[in-house]
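The values are calculated or read from the model by the stated rules, or taken from the named source; none is laboratory data. This is a predicted model, so every value here is computed, not measured. Every residue, glycine among them, receives a Cβ derived from its backbone with ideal geometry; neighbour counts consider all protein chains shown.
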Amino acid sequence: MLSGLIGKKLGMTQITEATGQVSAATVIELGPCAVTQIKTAAIDGYDAVQLGFGRRRASRVPSALRGHYAKAEVAPGIKLAEFGRLAEAELKPGQNISAADVFKPGELVDVSGTSKGRGYAGVIRRHHFAGFPGSRGTHEYFRHGGSIGNRSYPGRVRKGLRMAGQLGNERVSVLNLRVLEILPDENAIVIAGSVPGADGSTVLVRHSAKERRRQMESVNA
């Protein structure tokens, strides 16, 4: 139906498989997401379905956004996102879409979220530098980054040089995670492995882009 849904990371657990192997897994509250807008190529220049997730007090939402939700007859949410259509289906504003409508156990998905913010970090923690020897003449220079450029050429610090700075709190996508189980009563899914973000943070779960591309190539071949 759609290429993905909006969800909330609930936390991690472990799954015991039939072989006895214990694997880490993440539980995500996925939907129900309400359709807030249907975009078409004739009007908007492209085809997409805009979904809303969660609930927020109307007083916390800007007036323009309140009107957008009211037009679709949907309560104000905490997150809006657009997803493409993978198959033709009758959709209308205000319709609720659950995880079972979009995903099935065994499928591969890509999960995007905002990673945990770790604050200002040095080069050893941020870029995994080795640091300097702990002896042999090293003096108060154990965790530094070393030289950052030359005097004559280029005469400046090159862009993108790995240095100390903000660690985390950035958009991260983890690819090709397998859906282990769908929990329709709890509006949740269980995904193998870990996903970005802290517990309670908003994430986007989409069908694996690489898997879809591989399937299209096999069909065209």
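Overview of results
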item	result
Segment 195-215: number of residues that are within 16 Å of residue 106 (Cα to Cα) and not charged (D, E, K, R)	5
Scan of segment 103-124 for residues that are over 17 Å from residue 202 (Cβ atoms) and surrounded by 13 or more Cβ atoms within 10 Å (Cβ to Cβ), ordered by number	103, 107, 108, 121, 122, 123, 124
Residues being part of a loop (DSSP other than H, G, I, E, B) and among the hydroxyl-bearing types (Ser, Thr, Tyr) - total across segment 166-221	3
Residues of segment 77-98 classified as within 14 Å of residue 47 (Cα to Cα), touching a residue at least 60 places away in the same chain (Cβ under 8 Å) and not in a loop (DSSP other than H, G, I, E, B), total	3
Residue check for residue 151: out of contact with any Ser or Thr (no Cβ under 8 Å at 6 or more places or on another chain) and either at pLDDT 95 or above or more than 30 Å from residue 13 (Cα to Cα) (or both)	yes
Options 162, 151, 158; residue that is exposed (fewer than 12 other Cβ atoms within 10 Å of the Cβ), of a type in the set (Lys, Arg) and touching a Gly at 6+ places or on another chain (Cβ under 8 Å)	158
Total residues in segment 114-148, condition at negative phi and in a loop (DSSP other than H, G, I, E, B)	20
